[in-house]
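What follows is one structure encoded as structure tokens, with my remarks underneath.
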Amino acid sequence: MYRPSAFREDRIEILHQAIVAYPLAMLVTSGACGISANLIPFTLHSDAGERGVLKAHLAKANSQLADLRVGTEALVIFQGPQAYVSPSWYPTKRLHGKVVPTWNYVMVQARGRPVIIDDPDWLRMQIDALTGQQEQYRPEPWSVTDAPASYIEGQLKGITGIEISIDRMEGKWKASQNHPASNKAGVIDGLMAQNPLLPMALIMHSLADSKA
């Protein structure tokens, strides 16, 4: 991933936070049929291994399983908040006009060799963990046990588990760090005017606060 120094993020705890907050990732593999990519929700086990372990499941009918079974390196791309940045938000536009549009975004890329798991107990634990992670803040959280046991058992027969021990991980936080403070403030104001709760605006606020 292209990462100018201003946008590099390598702190494991920050990368893990982004993965947990945005668990739907693009799983990319290369095999006999070429390059394959599928959106898959992952659970992160940060206390396993040096950099953590990613767990997920996908349909047995998914052709990408053939590549995963070979065990060649997989790329998992997590994308966080993103926002278009208008040059009209930069005070420097009024000074010299030398500004152009851009896009701010957060991304984490993790690489590792997948292991296929067909154990029903493992699959049930992974589904419970993923469901619990997403339902925990709801007023009436749904649980896997809310569905009939026979129905869940049938669903489990149609999926396969994957486990990826993270060998390499890198992040990119492109949030106007390469601009003067006045331009950063202008972008935050522009984003906040669109939506005060826009995640990218909140990220830029937190980065500004951390530099204060």
So GLY71 fits all but one of (1) in contact with a Pro (Cβ under 8 Å, 6 or more places away or on another chain); (2) within 20 Å of LEU24 (Cα to Cα); what number is the exception? (2)
Output the qualifying pairs, or none if there are none: Cβ atoms under 6 angstrom, residues six or more apart or on different chains, first residue in the stretch 145-172 and free of Cβ contacts under 8 Å to residues at least 40 places away in the same chain and under 20 Å from VAL115 (Cβ atoms), second residue among the hydrophobic types (A, V, I, L, M, F, W, C) and not in a strand (DSSP E or B). LEU156/LEU123
Restricting to the stretch 87-131, name every residue that is farther than 18 Å from ILE162 by Cα, surrounded by 14 or more Cβ atoms within 10 Å (Cβ to Cβ) and in contact with a strand residue (DSSP E or B) (Cβ under 9 Å, 6 or more places away or on another chain). PRO87, THR102, ASN104, TYR105, VAL106, MET107, VAL108
In the stretch 4-31, what count of residues is obtained for those that are closer than 18 Å to ILE162 by Cβ and modelled with pLDDT under 95? 2
Failed item, numbered, when PRO81 is tested on (1) modelled with pLDDT under 95; (2) open to solvent by 40 Å² or more (accessible area, probe 1.4 Å); (3) within 17 Å of LEU24 (Cβ to Cβ): (2)
Return the residues of the stretch 1-45 that are surrounded by 14 or more Cβ atoms within 10 Å (Cβ to Cβ) and of a type in the set (Phe, Trp, Tyr); say none if nothing qualifies. PHE7, TYR22, PHE42
Look at the stretch 46-69 and say how many of its residues are among the acidic types (Asp, Glu) and buried (at least 18 other Cβ atoms within 10 Å of the Cβ). 1
Would the stretch 180-192 turn up any residue that is touching a Leu at 6+ places or on another chain (Cβ under 9 Å), small (Gly, Ala, Ser), at pLDDT 90 or above and more than 30 Å from ASP47 (Cβ to Cβ)? no
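The values are calculated or read from the model by the stated rules, or taken from the named source; none is laboratory data. This structure is a prediction, so every number in the text was calculated from the model and none was measured. Using ideal geometry, Cβ is built from the backbone for each residue, glycine included, and neighbour counts are taken over all protein chains shown. Only protein heavy atoms, including side chains, enter the accessible area calculation; ligands, DNA and RNA are left aside. Shrake-Rupley method; radii C 1.70, N 1.55, O 1.52, S 1.80 Å.
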